[in-house]
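Taking it in order: structure first as structure tokens, then the write-up.
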Amino acid sequence: MRYEFIATYIMASRRNGTLYVGVTSDLLQRGLEHREGRFDGFASKYGCNLLVWWEQHGDMPVAIAREKQLKRFGRAQKLALIEKTNPQWRDLYEDLLLPQHLRRHDDAWHEER
């Protein structure tokens, strides 16, 4: 399997809406799949197509462990995590398409590990 952009992420249906926590080896591809509703399941059923938080990892075992940790978080903890780095609940997917030097960093919209 190729690893393009290993990340743990949170998708939302809207601000303070339904949340979905996931892990992927390619955040760009997975984000597109969520946006286009390509998967049947929870995220598609509840319209979780906005990337509101993500965290990059160096390898899959670390990312999977973080996903499990986040899934154990209560809703309030997940909301606080999103609000800390993305208080406007912007869809961060389009930021990923920009070259690194053009991305906004002033609001700390994501965390890297």
At 0.36 nm per residue, minus the direct Cα-Cα distance, what do residue 84 and residue 39 gain on full extension? Give it in nm, one decimal, please.
13.3 nm
In whole Hz and in residue order, list the ³J(HN,Hα) couplings for segment 54-59 that follow from phi through the Karplus curve 6.51 cos²θ - 1.76 cosθ + 1.60, θ = phi - 60°; x for Gly and Pro.
8, 9, 7, 10, x, 8
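The numbers here are math on the coordinates, done by the rules we state, and not lab data. Nothing here was measured: the structure is a model prediction, and the numbers come from that model.
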